[in-house]
Amino acid sequence: MTRERRALIVRGGWDGHQPVAATDLFIPYLAEQGFAVRVEDSPAPYADAGLMAGATTTAVRPWAPWNRPVTTPAVWTRQWGSGRVFVATPGHQVAVLRDPNVRTIIERGLLWAAR
């Protein structure tokens, strides 16, 4: 039995970050790779226990230093429970995502996280 490949894209962001234009660049790619793509324009899916079952973990970190500057990488991955997380924060404009090098990193990261 083949498991359905699903991708959930939750749009959000801050003024000037163009979440719709940015995610629209990668939705066709995910579909071409055989994913059933679900797009949401609000964070409501995160409150859907059935949808998030097995996809989330809650970590309480009272020591987290959110009140001071923190140097963070622009691209990173990690294992999270039985899943994988891929994060890329290459820029604030869609034009950056159209750069072939940036696009390749993001496409490969999406596929890695989906395995």
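Conditions (1) within 15 Å of Ile106 (Cβ to Cβ); (2) assigned to a loop (DSSP other than H, G, I, E, B); (3) of a type in the set (A, V, I, L, M, F, W, C), marked per residue:
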{"residue": "Arg3", "(1), (2), (3)": "no, yes, no"}
{"residue": "Gly12", "(1), (2), (3)": "no, yes, no"}
{"residue": "Val20", "(1), (2), (3)": "no, no, yes"}
{"residue": "Thr23", "(1), (2), (3)": "yes, no, no"}
{"residue": "Pro28", "(1), (2), (3)": "yes, no, no"}
{"residue": "Gly34", "(1), (2), (3)": "no, yes, no"}
{"residue": "Ser42", "(1), (2), (3)": "no, yes, no"}
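Consider Tyr46 against the criteria (1) within 22 Å of Ser82 (Cβ to Cβ); (2) at pLDDT below 70: it satisfies all of them except one. Which criterion is unmet?
Just one mismatch for Tyr46, condition (2).
May I ask you to say which residue of Thr104, Thr56 is surrounded by 10 or more Cβ atoms within 10 Å (Cβ to Cβ), modelled with pLDDT under 85, polar (S, T, N, Q) and over 17 Å from Pro19 (Cα atoms)? Show your work before the answer.
Working: Thr104 fails: modelled with pLDDT under 85.
Just one listed residue meets the conditions, Thr56.
Considering the range 59-96 alone, what residues qualify as being farther than 21 Å from Leu8 by Cα, surrounded by 12 or more Cβ atoms within 10 Å (Cβ to Cβ) and either in contact with a strand residue (DSSP E or B) (Cβ under 8 Å, 6 or more places away or on another chain) or modelled with pLDDT under 80 (or both)? Outline the logic, then answer.
Let us first name the residues in the range 59-96 that are farther than 21 Å from Leu8 by Cα, namely 59-74, 91-93, 95-96.
Next, from what is left, pick out any that are surrounded by 12 or more Cβ atoms within 10 Å (Cβ to Cβ): 91-93, 96.
Passing the criteria: Gly91, His92.
Condition first: loosely packed, with under 13 Cβ neighbours inside 10 Å, at pLDDT 85 or above and of a type in the set (D, E, K, R). Now tell me which residues in the range 11-37 satisfy that.
Passing the criteria: only Glu32.
The values are calculated or read from the model by the stated rules, or taken from the named source; none is laboratory data. Since the model is a prediction, treat every value here as computed from it, not as a measurement. Glycine also receives a Cβ, built like all others from the backbone with ideal geometry; neighbour counts cover every protein chain displayed.
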